[in-house]
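In what follows, a single structure is set out as structure tokens and then discussed.
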Amino acid sequence: MEVIRSQKRTPSNDTVSNPKIPLYLTAPPMEVRLEEFELFAVDRLRVLKGVSDGLARGRNPKEMDDLVDTLWKEHMRDPDASVMLNKDIISHFVLRLVYCRSDELKKWFLSMETALFRHRFRLQNFEAQRAIVGEFGLPYKAVTGAELEGLKERLGQVVRSLGQISPTVEAVYYKVPFEEVPDLVASRRVLIQKGYAFVAGSQLVSLVVTQFRSHISKALILTNRKWTTTIQEREKDRLTPIVEALSTSYLGPDYSQSTEYAEISLMDIDQVAKSSFPLCMRHLFEKVREDHHLKHGGRMQLGLFLKGVGLKLDDALAFWRAEFTKKVGSERFDKEYAYSIRHNYGKEGKRTDYTPYACQKIILSAPGAGDHHGCPYRHFSEDNLRAALGRMGLSSRGMEGVMDQVRNKHYQLACTMTFEAVYGTSCDAGINHPNQYFEESQKILKSKTPPAPV
């Protein structure tokens with residue numbers, strides 16, 4: 001796959017003739033425009049993040065099938081089947097390059113791509129599923145004749161043990177080594193005899209997903225080698241910045257401009273911090289009030305958040321000055337800190353209008369000794385997190401639900417569940433940005449406030 005700047009890409013005939021769900025066995029021999037390289041990847045990333053949220057919320061297989069179908073139609077569907085297929089393939093290989101660069105990134109990408117493949121496969125008809133099995137080149141043949149007849153009674157026992165409403169032995173079974181379908185073995189949904197599992201046609205997904213996951217896992221290792229040895233340096237001025245940015249991409253509003261629900265002043269900042277700040281920002285706000293200082297990472301995370309919720313530059317300077325001068329004095333504040341505050345508001349240097357940090361960037365930060373920035377759900381100890389959640393008013397039951405998500409490393413869902421517990425309402429979209437948390441909180445609180453008399 002070669003990335004070019006502007007000339008039109010010609011689809012490969014081989015690519016178009018692949019099964020409806022490609023297996024991503026080899027990179028396609030096609031040219032890709034630079035703008036497609038990024039845009040296709042972003043669309044697929046929206047799908048994968050939607051899958052991640054659905055799994056973290058404990059949706060059942062049927063609900064996940066429906067979610068994947070909806071996400072795919074929304075972000076990846078195209079009226080031209082060949083265009084859609086090429087977008088599917090290109091976006092996968094781009095994100096494989098993006099997520100091969102660390103063990104944590106690889107683990108997330110492998111899990112989400114496998115889940116996406118699983119549910120897309122489940123949505124296919126049986127003939128399409130068999131075609132995909134054939135494309136993998138799996139050596140398994142259907143059990144037929146006397147062998148199938150001899151197993152029917154025991155197969156029927158397995159089917160009945162699953163509690164199906166109308167238990168029937170299926171017409172097609174595959175004989176495979178039992179270690180290749182570990183999920184079916186673990187859940188006792190398959191007959192095992194002499195080291196072989198007899199997999200029903202409706203269970204093909206388990207057989208194929210094991211092969212798919214193994215292939216992607218090995219491919220990520222090979223892609224990482226190519227990235228570190230050649231691609232990263234060779235493409236340092238073109239692709240490398242895009243690749244490095246995509247893994248921390250936030251796909252929603254940038255909150256660079258305040259809205260009707262996001263405008264605060266120095267008079268109400270303490271009350272609003274207590275009622276509407278997410279835990280990460282509440283912690284930083286309390287620390288600057290307590291210590292009259294924050295290190296650079298904390299100043300950036302909190303300062304840009306405050307900018308996004310509508311704190312004007314003059315108020316921001318007054319806020320930071322009032323706290324820092326209690327510790328460092330006015331002269332040092334003006335010399336060392338005031339410039340960076342004006343810089344964040346686009347009034348110094350390149351005049352860039354910096355945007356508040358999204359959850360993904362905060363989660364992936366690495367606070368050191370004496371730092372207070374980062375994501376509390378990821379970076380706090382369990383005791384400290386429990387104490388912080390208690391101060392936000394979470395019940396024991398609500399706190400345990402949040403801690404379960406933290407233990408499973410679903411940090412954004414933990415924050416979402418905190419929001420739902422604090423405000424007593426669901427947040428189906430999930431929390432993906434601290435400023436989103438603030439805005440949604442303000443909407444709820446203002447809807448409960450009666451209008452002022454005229």
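The values are calculated or read from the model by the stated rules, or taken from the named source; none is laboratory data. This structure is a prediction, so every number in the text was calculated from the model and none was measured. Neighbour counts run over all protein chains shown; Cβ positions are idealised from the backbone, glycine included. Note: areas computed on protein heavy atoms with side chains; ligands, DNA, RNA excluded. Shrake-Rupley method; radii C 1.70, N 1.55, O 1.52, S 1.80 Å.
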Next item on the list: Would you calculate the separation in nanometres between label points at residue 84 and residue 339, each defined as 7 Å from the Cα along the Cα-to-beta-carbon direction?
Entry: 5.5
Checklist line | Förster radius 56 Å - calculated FRET efficiency between residue 185 and residue 425 (Cβ-Cβ, nearest 0.05) | finding: 0.85
Item checked: Percent of beta bridges antiparallel (DSSP, the chain, rounded to nearest 5) -> 75
Next item on the list: For region 135-208, take the alpha-carbon Rg, divide it by the Kirkwood Rh, and send me Rg/Rh.
Entry: 0.93
Check: How big is the charge dipole of the chain about its Cα centre, in debye rounded to the nearest 20, if each Lys and Arg gets +1 on its Cβ and each Asp and Glu gets -1 on its Cβ?
Finding: 600
Notebook entry, point to check: Residue farthest toward the positive end of the dipole of the chain, with Cβ of Lys/Arg at +1 and Asp/Glu at -1: which of 58, 126, 211?
Noted result: 211
Next item on the list: Write down the Å³ per residue value for the convex hull defined by the alpha carbon atoms of the chain.
Entry: 213
Next item on the list: Roll a 1.4 angstrom probe over the protein heavy atoms and tell me the percent of accessible area of region 268-448 that is carbon or sulfur.
Entry: 47
Next item on the list: Pairs to check: 49/307; 73/107; 307/350; 107/361; 327/347. Give those whose C-alpha atoms are more than 20 Å from each other in this structure.
Entry: 49/307; 73/107; 327/347
Check: If the chain between residue 42 and residue 395 were fully stretched, how many nm would it gain, using 0.36 nm times the residue separation less the Cα-Cα distance?
Finding: 123.3 nm
Item checked: Relative contact order of region 268-448, defined on C-alpha pairs under 8 angstrom at six or more residues apart (%) -> 26
Margin query: If each DSSP helix of 4+ residues adds -39,500 (n - 2.57) and the sum is divided by the residues in the chain, what number results at 222 nm, nearest 500 deg cm²/dmol?
Written below: -18000 deg cm²/dmol
Next item on the list: Using the heavy atoms of the protein chains and a 1.4 angstrom probe, tell me the accessible area per residue for the chain in square angstrom.
Entry: 51
